[in-house]
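Below is one structure; the comments refer to it alone.
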Amino acid sequence: MDRIRRYSKPLDSLQSMLLIRAYEERLAALQAAAGLPGTCISVGQEASAVGVVAALNGDDLILTNHRSAGHLLARGADPGRMMAEVMGKRTGYCGGKSGSLHISVKALGVVLTSTIVGGELSLATGVALSQRMLGRSGIVVCFFGDGAACEGIFHESINLASVWKLPILYVCENNQWQAFVHRRETMRTDRIASWAAGYGVEAVTVDGNDVQAVQTATAEATAHVRGTSRPFLLECSTYRLRGHFEPDDQSYVDPAELAAWRTKDPVEHMKARMLQSGELDAQVLAGIETEIERQIDTAVAFAKDSPYPEFDQMTTDVYA
Amino acid sequence: MAEALAQEMRRDARVLMFGEGVATKRPELLAEFGADRVRNTPLAEAIIAGTAAGAAATGLRPVVDLLFAPFMTYAMDALVNSAGKLRFVSGGQFSFPLVTIAMSGGGWAVGAQHNHNVEAWFAHSPGLKVAMPSTAADFKGLLAAAIRDDNPVLFFADIGVLMQEGEVPPGEHVVPLGRAAIRRSGTDVTLVAYAKSVQACSQAADTLEAQGISAEVIDLRTIKPLDEMAILASARKTGRVVIVHEASRMCGVGAEIAALVAERAFDALRAPLVRLTGPDAPAAASYPLEQAFAPQPAAIEAAVCTLLRKRPALAGQVLATLDA
Ligand SMILES: Cc1ncc(C[n+]2csc(CCOP(=O)(O)OP(=O)(O)O)c2C)c(N)n1
Ligand SMILES: [Mg+2]
């Protein structure tokens, strides 16, 4: 049974980030070792995923993109079924038809994951229109990258959302990279948030590596969206610490920039903060980490033991 | 179309319509159903189609007007990659009950960036359905069926047909998708067509009848799903098939039909298959050139006469050369 993950205290956020980190690092290791299909992982961006998702309500809907494992796990997706989907197994969330790149979990309100860069922006307006016209209270949260912001559809989406007063929280995860091209080569501004004003949309940039800052900013942003039924743009400034698509040797990345961002690793940052303040003790943390590794072991075993879909699944679910 | 839209919006509160100028150009719908369900949009086909896909997946049944078929290139991603594929890749978690309306083909003499028959592009894309009616009655009936369908349906309105008057059945009228109509029964040759080419075939059939040749005219009405049974049954009956459409020949709908007949009714054929189509060229704006782009009744008639003078099993080109 899929349950939406609840966040009531800082430790919940740390645990969620640790789970995402462990899941993705395991996936990358499995892929390096066994030649599984590659994936886009979000190591370094966990605070953005968890901070945003932790501040949402159970009836809010999420749209996301190719780098979505963090969003899904933060929302409560089962790592076993995620892993099974990546491996193309029948027990995956989409029966093995998605693979890692388009996982959606309707039961968790994670709808319409698009790996066409910008596809999530294209669909978000319609999902928000449904929410409003069908009298549902949940708002729509749309994760997209700095690269997607360069697609024309971003501009069409945010303009329509503004004009139609659609309840959408746009979350730009500005991780400085657009596949193998650095953001500074593709835009004249450092911030996507600064673009929103042109559409009459309010926006804020937050330190995307500070989970508590992201959560606070998201709570304010969602309050704005709920209160005004107008879109809002939240930009999480963060960094993709690993490559675009595993395996990736990152030979094209400036080592100094990478090293600088490594010192801001969001998971380490949160751990240190909680250990220092005494909210968490080292032994408890070690226990949590061991338990998460065990959970990932179980997930991998589940995925590996799961059967592939039958060949007849090649042509099912094409038409309703 | 106006009757179908009103009929379906009355029947189902989840149906709404939007597009560039929709609320302006359909004041009667706006008056009856209000500004929430009848909306103008910014000039932005990509987000119009994307919004339709997102809304369809989450409980609404949108109808969007994309104006002219060539403008659909801006909407391709939402239609092909989202509406057509996300049901499948989600393992059946979502469905996409939406309709796009776009005008297609010659009739308005405005040139190639307004006039382009692109229906085959979408028939080639999984997860989509394609309707292209030839009569006023079918405009109403097929549009109603498209709105009721739980899949994305691309509804192409042939401008040539739109500009004509025709009888529309009063009251509720629904024509199921995927069922061709036999517009005229015949025994010597089958003419397969859709949209404006159905009329050209019917006119050709009239003149052929005067010469003692009995032509059957099949109106596909929907290109996807394709009514294969109707095509094959007629091909088996007459043994001669001429396929006619305004869209260009290469990889057009006619190629699919020719392949279907060759694969599944070859034994019944008494003559080679013939395709009469628009040329592989953008459509000219100049009215006479625009009109000549679509296969004309005289050309259809001539093709049939050539076929009927042939003995079976002889290659068509040989005789054509001899004729020349
Ligand atoms: C329409 C489209 N163009 C190109 C790609 C290939 N591609 C996949 S992810 C990606 C980079 C996207 O950058 P961004 O939006 O910043 O997201 P990030 O990967 O950084 O999370 C590219 C170019 C694609 N999937 N879709
Ligand atoms: Mg990026």
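Picking from residues in the stretch A:131-147 that are at the interface with chain B (Cβ under 9 Å from one of its Cβ atoms) and not charged (D, E, K, R), the one that is nearest to ligand 2 (Cβ to nearest atom) is A:140. Among the residues of the stretch A:118-130, those identified as within 16 Å of ligand 2 (Cβ to nearest atom) and not in a loop (DSSP other than H, G, I, E, B) are A:119, A:120, A:121.
For the stretch A:148-176, which positions are within 16 Å of ligand 2 (Cβ to nearest atom) and open to solvent by 20 Å² or more (accessible area, probe 1.4 Å)?
Step one: of the stretch A:148-176, the residues within 16 Å of ligand 2 (Cβ to nearest atom) are A:148-151, A:153-154, A:170-176.
Across the stretch A:148-176, the qualifying residues are A:150, A:151, A:153.
Filtered by the rule that a residue be more than 9 Å from ligand 1 (Cβ to nearest atom) and among the polar types (S, T, N, Q), the stretch A:100-117 gives A:100, A:104, A:113. Only one of these conditions is not met by residue A:114: (1) closer than 22 Å to residue A:69 by Cα; (2) at pLDDT 95 or above. Which number is it? Going through (1) closer than 22 Å to residue A:69 by Cα; (2) at pLDDT 95 or above one by one, residue A:114 breaks only (2).
What is the residue count in the stretch A:122-147 for residues that are under 18 Å from residue B:13 (Cβ atoms) and either open to solvent by 10 Å² or more (accessible area, probe 1.4 Å) or near ligand 1 (Cβ under 9 Å from one of its atoms) (or both)?
Here is the first cut: in the stretch A:122-147, the ones under 18 Å from residue B:13 (Cβ atoms) are A:126, A:129-136.
From what's left, either open to solvent by 10 Å² or more (accessible area, probe 1.4 Å) or near ligand 1 (Cβ under 9 Å from one of its atoms) (or both): A:132-136.
Of the residues in that region, 5 qualify.
The lone criterion from (1) crowded, with 21+ Cβ neighbours inside 10 Å; (2) part of a loop (DSSP other than H, G, I, E, B); (3) within 16 Å of ligand 2 (Cβ to nearest atom) left unmet by residue A:94 is number (3). Note on the stretch A:94-130: residues that are facing chain B (nearest Cβ under 7 Å) and not basic (Lys, Arg) total 18. Within the stretch B:256-292, the set of residues being surrounded by 16 or more Cβ atoms within 10 Å (Cβ to Cβ) and within 17 Å of residue B:220 (Cβ to Cβ) comprises B:256, B:257, B:258, B:260, B:261, B:265, B:273, B:274, B:275, B:276, B:277, B:278. From the list A:78, A:60, the lone residue that is more than 12 Å from ligand 1 (Cβ to nearest atom), in contact (Cβ under 8 Å) with a residue 24 or more places away in the chain and within 27 Å of residue B:55 (Cβ to Cβ) is A:60. Of all residues in the stretch A:153-175, those being out of contact with any Gly (no Cβ under 8 Å at 6 or more places or on another chain) and either more than 9 Å from chain B (Cβ to nearest Cβ) or of a type in the set (A, V, I, L, M) (or both) number 11. For residue A:268, are the conditions met, namely being under 24 Å from residue A:28 (Cα atoms), assigned to a helix (DSSP H, G or I) and open to solvent by 70 Å² or more (accessible area, probe 1.4 Å)? Judged against the criteria, residue A:268 is a match.
Taking residue B:125 as the residue in question, decide whether it is open to solvent by 10 Å² or more (accessible area, probe 1.4 Å), touching a Lys or Arg at 6+ places or on another chain (Cβ under 7 Å) and either at pLDDT 95 or above or polar (S, T, N, Q) (or both). Write out each step before concluding.
On the way: open to solvent by 10 Å² or more (accessible area, probe 1.4 Å): yes; touching a Lys or Arg at 6+ places or on another chain (Cβ under 7 Å): no; either at pLDDT 95 or above or polar (S, T, N, Q) (or both): yes.
Spelling it out, it is not the case that residue B:125 is open to solvent by 10 Å² or more (accessible area, probe 1.4 Å), touching a Lys or Arg at 6+ places or on another chain (Cβ under 7 Å) and either at pLDDT 95 or above or polar (S, T, N, Q) (or both).
For the stretch B:1-101, which fully contained strands (runs of 3 or more DSSP E) count at least 1 residues that are more than 8 Å from chain A (Cβ to nearest Cβ) and either open to solvent by 40 Å² or more (accessible area, probe 1.4 Å) or touching a Cys at 6+ places or on another chain (Cβ under 9 Å) (or both)?
Working: elements: B:15-19, B:38-40, B:61-68.
Hits in the stretch B:1-101: B:38-40.
Scan the stretch B:240-255 for residues that are in contact with a Gly (Cβ under 9 Å, 6 or more places away or on another chain) and open to solvent by less than 30 Å² (accessible area, probe 1.4 Å) and the total you get is 6.
The values are calculated or read from the model by the stated rules, or taken from the named source; none is laboratory data. Keep in mind the model is a prediction, meaning the values are calculated, not measured. In this analysis, Cβ positions are derived from the backbone assuming ideal geometry, glycine residues included, and neighbour counts consider all displayed protein chains. SASA here: full protein model, heavy atoms, side chains in, ligands and nucleic acids out. Shrake-Rupley method; radii C 1.70, N 1.55, O 1.52, S 1.80 Å.
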